[in-house]
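The values are calculated or read from the model by the stated rules, or taken from the named source; none is laboratory data. Please read all numbers here as calculations on a predicted model, not as lab measurements. Every residue, glycine among them, receives a Cβ derived from its backbone with ideal geometry; neighbour counts consider all protein chains shown. Note: areas computed on protein heavy atoms with side chains; ligands, DNA, RNA excluded. Shrake-Rupley method; radii C 1.70, N 1.55, O 1.52, S 1.80 Å.
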Amino acid sequence: TTNTSSGAATSDFTTGIDSTYKLYIFKFYDVNPATDATALSFQVNAVGGSGFNETITSTFFWAKHQENDASTSLGYRTGDDQAQGTSYQTIAASVGSGADECASGILHLFNPASTTYVKHFTSRSNWYDPNYSIDGFSAGYINTTSAIDEISFKMSSGNMDAVIKMYGVG
């Protein structure tokens, strides 16, 4: 399934996540926010639930490299992780809004239809933050044994243009 958004507040997949596959992969391309320096994030919904507010425990870190080679860094971002939180989970922080700025990456959601175990996820993304190339990593688990059947992507502020594709594997 492909969601193509133009000036949209969210990109939601409300059908197609079920027990057919053990792994769902979401690839996002050219995510360009309307508001500068905002975060791309996701949240899920359990079967029969509402509000995209499941409990998440996660971690987030990034590697940065400045265009002119003057600065590099590797850092853990405490403000972008959660400890049993219900907020949207950051997968790309401080994405620029210029025409030559965007984010791309991949999110893996493992066995969302399980009613026995929590649901794990990993994400890797790259984006342009003025004068930096940033490689971001997020991982964690959704602390519910209920099946997950919906996922929502949004920016922390404002709307976005984006192409997000969902694939089911094995």
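Observations on the model:
- Carbon plus sulfur fraction of accessible area for region 1-114, probe 1.4 Å, in percent: 49 percent
- Length added when fully stretched, Ser50-Ser97, from 0.36 nm per residue minus Cα-Cα: 13.9 nm
- Label separation (Ile25 vs His65): 2.4 nm, computed from points 7 Å beyond Cα along the C-beta direction.
- Among residues other than Ile106 with Cβ under 13 Å from its Cβ, the summed charge is +2 (Lys and Arg +1, Asp and Glu -1).
- Lys/Arg +1, Asp/Glu -1 at C-beta; region 7-99 dipole; positive extreme among Ile17, Val95, Gly75: Ile17
- Per residue, the solvent-accessible area of region 1-104 (1.4 Å probe, heavy atoms of protein chains only, all protein chains present) comes to 48 Å².
- Modelled FRET efficiency - R0 35 Å, Tyr141 with Val163, Cβ distances, 0.05 increments: 0.85
- The value for region 1-134 of Rg(Cα) / (2.2 N^0.38 Å) is 1.12.
- Table column - 3J(HN,Hα) (Hz), region 145-161, Karplus curve with 6.51, -1.76, 1.60, x for Gly and Pro: 9, 6, 5, 9, 10, 9, 9, 10, 10, 7, 8, 5, 8, x, 8, 8, 9
- Heavy atoms of Ile106 accessible to a 1.4 Å probe, total area in Å² rounded to 10: 40 Å²
- The lysines whose alpha-carbon is closer than 29 Å to the alpha-carbon of Lys22, local same-chain residues fewer than 8 away aside, are Lys119, Lys154, Lys165.
- Length-normalised contact order of the chain in % [C-alpha pairs under 8 Å, at least 6 apart]: 42 percent
- Residues Val118, Val44 ordered from highest to lowest accessible area at a 1.4 Å probe: Val118, Val44.
- 3J(HN,Hα) from dihedral phi, region 165-170, Karplus parametrisation 6.51/-1.76/1.60, rounded to Hz, x for glycine, proline: 10, 10, 10, x, 10, x
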